Amino acid sequence: MLIFHKLSDLDNVGDAGSAMRSLANSLLANAETRIVYRQESDQLGPTAHALGLTGTEQKLLPSLGVGQGLWRIKDRAFVTQHQLHPAELELFDTSSRLTSGVK
């Protein structure tokens, strides 16, 4: 499992042209299931290119709501709405932490 905040984080793995960077990019290329959440506009092009998204999929990304994701499984795509158990929400709800002043 690989998890990125944004795919451009791959640029921080090793030096350009290094074996480490090649390995990181290879791991991404070999992933058959890719889950993408809402993306900022400056990340749309690089994300679509790196993941081989269609134009329709790329246009969809900025409009995804909280908990919505684009699942790409091989050549098929699905928009999903994730549901969390209240205990999971307490662990993963970073938005409420930002507004409550918890650091």
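The values are calculated or read from the model by the stated rules, or taken from the named source; none is laboratory data. What you are looking at is a predicted structure, and each value in this text was computed from that prediction instead of being measured. Note that we place each Cβ from the backbone using ideal geometry, even for glycine, and neighbour counts take in every protein chain shown.
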- Item | Residue pairs meeting the criteria (Cβ under 6 Å; at least 6 apart or on separate chains; first closer than 18 Å to residue 11 by Cα and assigned by TED's automatic domain parsing to the domain that holds residue 9, in region 21-44; second outside any helix (DSSP H, G or I) and of a type in the set (Gly, Ala, Ser)) | 21/14
- Task: Assess whether residue 2 counts as being surrounded by 13 or more Cβ atoms within 10 Å (Cβ to Cβ), within 30 Å of residue 89 (Cβ to Cβ) and not assigned by TED's automatic domain parsing to the domain that holds residue 95.
- Result: no
- Note on the structure: In region 1-20, anything without any contact (Cβ under 8 Å) to a residue 12 or more places away in the chain, closer than 22 Å to residue 71 by Cβ and part of a loop (DSSP other than H, G, I, E, B) is listed as 1, 3, 4, 5
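Determine whether region 49-69 contains at least one residue that is surrounded by 14 or more Cβ atoms within 10 Å (Cβ to Cβ), touching a residue at least 40 places away in the same chain (Cβ under 8 Å) and assigned to a helix (DSSP H, G or I).
Checked against the condition, which is being surrounded by 14 or more Cβ atoms within 10 Å (Cβ to Cβ), touching a residue at least 40 places away in the same chain (Cβ under 8 Å) and assigned to a helix (DSSP H, G or I), region 49-69 yields at least one hit.
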